[in-house]
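Input: a single structure, listed below in structure tokens.
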Amino acid sequence: MTFLAIESVFKTYENKPLLQDVSLEIERGEIVSFLGPSGSGKTTLLRIVAGLEKPEAGRIVLEGRDLSHVPVHRRGIVLMFQDYALFPHRTVEQNIAFGLRMQHQSRSEIKARTEAMLALVGLEGFGPRNVVELSGGERQRVALARSLAPEPRLLLLDEPLGSLDRRLREWLLDELAAILRCVGVTAIVVTHDQAEAFALADRVALLHEARFVQVGTPLEVWENPATPWVARFLGYTNLLPACVTTDHRVTSALGTLAMPCNVSLPDAGTQGTLLVLPWGIRISDGDPPGSGFTARVTQQVFQGRTTMVRLQIGEATLSVPLPTYGSAFREGDVVHGWLSPDALRWF
């Protein structure tokens, strides 16, 4: 039996569809990320699952039970808010114990569970402290411990690292992923950051224009974006107008290219878009082996370990990430390039 089913959820905002026939199944123990830009309906869908908002159509089914008429406090679902919503007048220990007291657990049970949660998030000895004295990262851990303490059937996290600065966010990302997998809790994580989604989730569900436009593992989504919008959202820029020819080939500003056998193409003459994944581009100041293209370096953007090199090929532009150390190209250089067929995708 599917653990959680989101079935044909519909919701409007200011008389416009915010969620339209949205459906998704989540298995027990799975971590799924709702990924998309601001305003795509991610948080609204999360609140509908939690019971804080009502859908205008559709339903949420948890372990075979329709939650339409189940009160929020009886769903066994915990929502961890972006601002953590900790009680400032209570200690760390009292914050973590809050949900346990609501479950009417005994003092000894609450103490044991609270200490276990503090150890889990690496805050042993922090119990007596006041939460207002903690750093942002420490507050995030307390909020996570409080959310996990009641052993929820389903944990919902709304931009769990969104209020932290970049350095601290990157530092805590791996730790959060490890904790969620250690506990084995079924979880939904809302984020607009693909790095967070890929690091935390077993599957990623991308929301765009009121619908899920792609659902898959991080690797599936990264290697095979389903639409040009998904490709652009993931940061891919090498999208070129193209036309299907014969013999499983397409023609574009890069010439006529053989497509991978596993890429499905429409009939010859069909216009579309060619995506060139950046890892499949090679450039050299010497002659390319076999067929290739000639380009001019128009820009180099330093990105730390890599430098993004912009190439102009006729009216088309390609971006190629190269190791910063060892790259000898300069703006204005004429270079030769060639493509790996496995790096080509068709829309």
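Table for the structure above
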quantity: Amide H contacts under 5 Å for HIS208, placed H, 5+ residues apart; calculated: VAL213
quantity: Order by protection proxy (mean Cβ within 10 Å, highest first), peptides 146-154, 262-270; calculated: 146-154, 262-270
quantity: Kirkwood hydrodynamic radius of region 236-346, from inverse mean 1/r over distinct Cα pairs, in Å; calculated: 14.5
quantity: Tail weight of P(r) past 11 Å, computed on alpha-carbon pairs of region 235-277, percent; calculated: 62
quantity: Computed Rg/Rh of region 71-209, alpha carbon atoms with Kirkwood Rh; calculated: 0.96
quantity: 3J(HN,Hα) from dihedral phi, region 81-89, Karplus parametrisation 6.51/-1.76/1.60, rounded to Hz, x for glycine, proline; calculated: 6, 4, 8, 6, 6, 6, 7, x, 8
quantity: Cα Rg, Dmax, the chain, angstrom units; calculated: 24.6, 76
quantity: Region 118-138 versus region 246-284: alpha-carbon centroid distance in Å; calculated: 54
quantity: Estimated [θ] at 222 nm from DSSP helical runs (n ≥ 4, -39500 (n - 2.57)) normalised by residues in the chain, nearest 500; calculated: -7000 deg cm²/dmol
quantity: Derived scalar couplings ³J(HN,Hα) [region 174-186; Karplus, 6.51 cos²θ - 1.76 cosθ + 1.60; whole Hz; x for Gly, Pro]; calculated: 5, 5, 5, 4, 5, 5, 4, 6, 5, 6, x, 6, 6
quantity: For ASP333, residues with placed amide H under 5 Å, excluding near neighbours; calculated: VAL297
quantity: Table column - 3J(HN,Hα) (Hz), region 119-128, Karplus curve with 6.51, -1.76, 1.60, x for Gly and Pro; calculated: 5, 4, 9, x, 10, 4, x, 8, x, x
quantity: The chain: relative contact order as a whole-number percent, Cα under 8 Å and 6+ apart; calculated: 15
quantity: MET102, MET117, MET80, MET308 arranged by Cβ crowding within 10 Å, fewest neighbours leading; calculated: MET102, MET308, MET80, MET117
quantity: Cβ-based net charge around ALA97, under 15 Å, with every Lys or Arg adding one and every Asp or Glu removing one; calculated: +3
quantity: Percent of Cα pairs exceeding the 20 Å cut-off, where the set is region 103-170; calculated: 34
quantity: Anisotropy class of region 302-344 from Cα gyration tensor, a/c 1.5 cut; calculated: oblate
quantity: Ordering of 234-242, 273-281 by packing [mean C-beta count within 10 Å, highest first]; calculated: 273-281, 234-242
quantity: For THR307, distant residues with modelled amide H under 5 Å away; calculated: LEU322, THR324
quantity: Charge dipole magnitude, Cβ of K and R +1, D and E -1 - the chain, Cα centre, debye nearest 20; calculated: 840
quantity: Bins of 10 Å from zero: percent of alpha-carbon pairs in region 1-122; calculated: 11, 34, 31, 20, 4, 0
quantity: Net +/- balance of residues flanking GLU124 in space, Cβ distance below 13 Å, scoring K and R +1, D and E -1; calculated: -1
quantity: Highest-first arrangement of 197-205, 296-304, where packing means the average Cβ count within 10 Å; calculated: 197-205, 296-304
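Here, each number is a calculation from the coordinates, and none is a lab measurement. All values derive from a computational prediction rather than experimental measurement. Neighbour counts are summed over all protein chains in view; Cβ atoms, including those assigned to glycine, are modelled from backbone coordinates with ideal geometry.
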